[in-house]
Structures are given as structure tokens and as C-alpha cells.
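Down below is the structure, laid out as C-alpha cells.
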Amino acid sequence: MPAERPLWADPIAREPERAWLERPTQPLPPREPRDEEPPEPPRGGGRRWLIAALAVSLLALAGVTGALIAGGNDGGSLPTVAGGKVPESKAGAVYAAVRDGVVQIRAGSGSGSGFVVKDDGTVVTNAHVVGESKTVGVIFNDSDKPVRGRVLGTDPSTDLAVVRVDPDDAPRLRPLPLGDSESVQVGDQVIAIGYPLGLDRTVTAGIVSGLGREIEAPNGFSIDKVIQTDAPINPGNSGGPLLDQRGRVIGVNSQIATAGTPGNVGIGFAVPSNTVRDIAPKLETGTTIARPYLGVSTSEPLTGSGALVRSVVAGGPAARAGLRAASKTSGEGGDVIVAVNGRPVSTPEDVAAGISSSKPGDRVSVVVIRDGRRQTLEITLGTRPTRLP
């Protein structure tokens, strides 16, 4: 369950707004033509302005001429590399190798992206792309008609969905390999491929700009270990792959930080590939994923480390065990969780991590500081509801 974070009074300090990346299929409105007049030269200095412009042009021409002479060129053409071909960029090489495995997903009035993971027609995308749809349209090439895809399963808690098409209805399937998202490092070069803003298949490049981020899932809970990237992604990129320089999928593009604007501001978020590796096989079989549930929301305490209990869900596991929430007005008086199941809790995110390996029905020990004293509570975990209460 995500930690509650109070809003900052300073608008610069508050958390950025985020937006899902689905995109309506309606085309963008045509750009209105307009006549533009050339700018007027500066008044009272037309001759000086013209002389300065000519001087700059002559200097530029001299620089080009010098470069051609120094390079031994005969003056008929600019120098080229051996073989007469400009080397292919890394992003271009990755795109050429994997593009056929990236697809467009159309569900209802919206569209997103996805990618093939198995040659039996299995495709991974975002849960918020398919929504409640049982079938979707899958486009393999920009000019092709949609192929019918059956939604095998969705998991709103990780924003992942699995779709399958009949291989006989699709062109040659190009499965993309999953990389190890745990080995990704800040500064790694990455490539994003998808269908942004109603455009055909598009590639952008950037770096991993942050790791271990936490974003809100479609059902209100949190997704952890999320990869942050500055590769430009926009509405329509949802469900598309974030790839490393070897063409391996390290994440599924899901959200962007918007800062109140409708477009990309250089911060995108991708669900890690190791989460895909864990969740997708279960969704293929139609399995409903049951997650453990404590029934509390937490924030950083006023002093020290741990997780201050901000609220307790009525009738939930924590409430039945007697966990106390802080005052809504003063923020004081609540239990501060300092350990879960033997694991220290330094931040609110550690609470969810402490029960992540448990199952509904398991009993866990929760150590709290209450009125300055340590207490241990035994809590029987429940099953996470479909949406955050």
C-alpha cells in the first residue's frame, strides 16, 4: 500500500503530477496555416547589419574550405568514412533488430503499445491500455489491419496485461528477450519504442535517470522498483518496451511526470522487466494474483526513521491487531513501524517490502514504537482488495 505523502505548501517542492500514457485514436487536428512576414532589419543600422552578416558568412565559408583542404578532399564533395557510408547509430541498430516485435494495441476508443514475448502470439502491454476489454486490436506493421487479440489476464497492481493473437493471423512473430532489470544502472543508455500521439512506430533514446522509484498503479496501490528514464515518451507509448543497448527489454513504459503540462518533460517511468518475468506467466493462465494486505497507510515520522501509521483500514488486518493511527490534525500519537517480519523499516516503502514475500493468511510480526516503547504485534495478513479503499 503506498505511503501517504502530505502536500507541500511550496509548489516547487511538491511531487510531480503523473499521467498514464494511453492515447485516443482520433487524429491530431490539422495545423492552421498562417502567413508569416520576414522580420524587419534593425532600424537605423541596416548597413551595419548587412556588413556583419556578410562577414560571418565569409568566415564560415573560409572554415569549410580549410576543412576540405586539410582533409585532402578534391573539393567536389564532403569527406566520408571508409566505404562511403555513415556508421549506423546504436539506437538505429537496436530499432532495426527489434521493431517487428513492437505492436500497437487498440482497445475501445484508445490506443497504446505492446511487444511480443513468445512465438505463440503472446504480447505484453499495460493493464490500463486494455482496461476492461476482453479482446483488443493488435497492429504488427503500420499499414496492416488490426489482428484480433484475446486478453488472457490483467494485473492492475503492476499495471501489466497479457494478450494473445493467433499466430496464423499475424505476420512473422518477433519475440523480444527480457533483460535483468536488477542489473540496470543509472546512466545506462536506453531506447523506447512505441506509438506516441497517434503516430506510427517511433523510436526515442535516452538514459536511465533513476532507479527504485515508486509510482501509483491503476488500482491506487503502488508499484515499486520502477525505472526512471529521460527517453522521450508520450501518450500512446504505454505498454511499449524500454530496451537496453543489446535490444533486451528492461522495462514496460507506463507513466510520465507531467508537472501540470500535457506532454513529456523528460521524466518517464517503466515497470521493471523482472516484474514482467514474474507476473506474465501467471496472467497467461488466467490466474488471479492474490497479494498480502496489511491495511495501513504510512508516511515518514516527524522525527527519526521508520513508518508512521497515518490511517488504518476499518476491519482490516492491522485494525484487528490493534495498530494505532496518528491524529489527522496534529500527526501525533500514531504507532511508528520499525520492523516487519524481522526486517528493519527505515522508510514507509519498507513496510510493503516486509510483507512482499508473504501470502494472504500468513502471520507476521510487526514491531512498533508506541508512546516511546517498543511493542510487537502479531498480524494475520489479508488479501489485497481490487482497489485501494
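Does Ile207 count as modelled with pLDDT of 90 or more, crowded, with 18+ Cβ neighbours inside 10 Å and either in a loop (DSSP other than H, G, I, E, B) or aliphatic (A, V, I, L, M) (or both)? Here the answer is no, as Ile207 does not meet what is asked. Of all the listed residues (Asp371, Asp335), the sole one being more than 32 Å from the chain's Cα centre (by Cα), buried (at least 22 other Cβ atoms within 10 Å of the Cβ) and among the acidic types (Asp, Glu) is Asp335. Residues that are of a type outside the set (Lys, Arg), assigned to a loop (DSSP other than H, G, I, E, B) and surrounded by 13 or more Cβ atoms within 10 Å (Cβ to Cβ) within segment 170-195 comprise Ala170, Leu173, Pro175, Leu176, Pro177, Gly179, Asp180, Val184, Asp188, Tyr195, listed in sequence order.
Please verify whether segment 349-366 includes one or more residues that are assigned to a strand (DSSP E or B) and loosely packed, with under 13 Cβ neighbours inside 10 Å.
yes
Being more than 24 Å from Val351 (Cβ to Cβ) and outside the structural domain of Val129 (by TED's automatic domain parsing) is a property that Asn237 has.
Of all residues in segment 112-169, those satisfying the criterion of being assigned to a strand (DSSP E or B), among the charged types (D, E, K, R), touching a residue at least 24 places away in the same chain (Cβ under 8 Å) and surrounded by fewer than 22 Cβ atoms within 10 Å (Cβ to Cβ) are Lys118, Arg164.
With respect to the conditions (1) part of a helix (DSSP H, G or I); (2) among the hydrophobic types (A, V, I, L, M, F, W, C); (3) farther than 20 Å from Val136 by Cα, Leu242 falls short on a single one, namely (1). Screening Arg150 on (1) in contact with a Gly (Cβ under 9 Å, 6 or more places away or on another chain); (2) more than 30 Å from Gly210 (Cβ to Cβ); (3) modelled with pLDDT of 95 or more shows it passes everything except condition (1). Give the residues of segment 298-318 that are in a strand (DSSP E or B), out of contact with any Leu (no Cβ under 8 Å at 6 or more places or on another chain) and either surrounded by fewer than 23 Cβ atoms within 10 Å (Cβ to Cβ) or at positive phi (or both), sorted by residue number. Those that are in a strand (DSSP E or B), out of contact with any Leu (no Cβ under 8 Å at 6 or more places or on another chain) and either surrounded by fewer than 23 Cβ atoms within 10 Å (Cβ to Cβ) or at positive phi (or both): Arg310, Ser311.
Evaluate segment 196-203: report whether one residue or more is assigned to a strand (DSSP E or B) and either in contact with a strand residue (DSSP E or B) (Cβ under 9 Å, 6 or more places away or on another chain) or in the same structural domain as Ser143 (by TED's automatic domain parsing) (or both). Scanning segment 196-203, I find at least one residue that is assigned to a strand (DSSP E or B) and either in contact with a strand residue (DSSP E or B) (Cβ under 9 Å, 6 or more places away or on another chain) or in the same structural domain as Ser143 (by TED's automatic domain parsing) (or both), so the answer is yes. All conditions but one from (1) at pLDDT 95 or above; (2) in the same structural domain as Gly247 (by TED's automatic domain parsing); (3) among the basic types (Lys, Arg) apply to Arg164; the one that does not is (2).
Mind listing whichever residues of segment 183-229 are touching a helix residue (DSSP H, G or I) at 6+ places or on another chain (Cβ under 7 Å) and among the β-branched types (Val, Ile, Thr)? Scanning segment 183-229 gives Ile191, Ile193, Thr202, Val203, Ile227.
Please determine whether any residue of segment 244-261 is surrounded by fewer than 15 Cβ atoms within 10 Å (Cβ to Cβ), closer than 30 Å to Gly179 by Cα and in contact with a strand residue (DSSP E or B) (Cβ under 9 Å, 6 or more places away or on another chain). Scanning segment 244-261 turns up at least one residue that is surrounded by fewer than 15 Cβ atoms within 10 Å (Cβ to Cβ), closer than 30 Å to Gly179 by Cα and in contact with a strand residue (DSSP E or B) (Cβ under 9 Å, 6 or more places away or on another chain). Scanning segment 274-330 for residues that are under 30 Å from the mean Cα position of the chain (by Cα) and either under 30 Å from Leu243 (Cα atoms) or not polar (S, T, N, Q) (or both) yields a total of 32.
The values are calculated or read from the model by the stated rules, or taken from the named source; none is laboratory data. Because the structure is a prediction, the values reported are computed rather than measured. Positions of Cβ are backbone-derived with ideal geometry, glycine not excepted, and every protein chain shown enters the neighbour counts.
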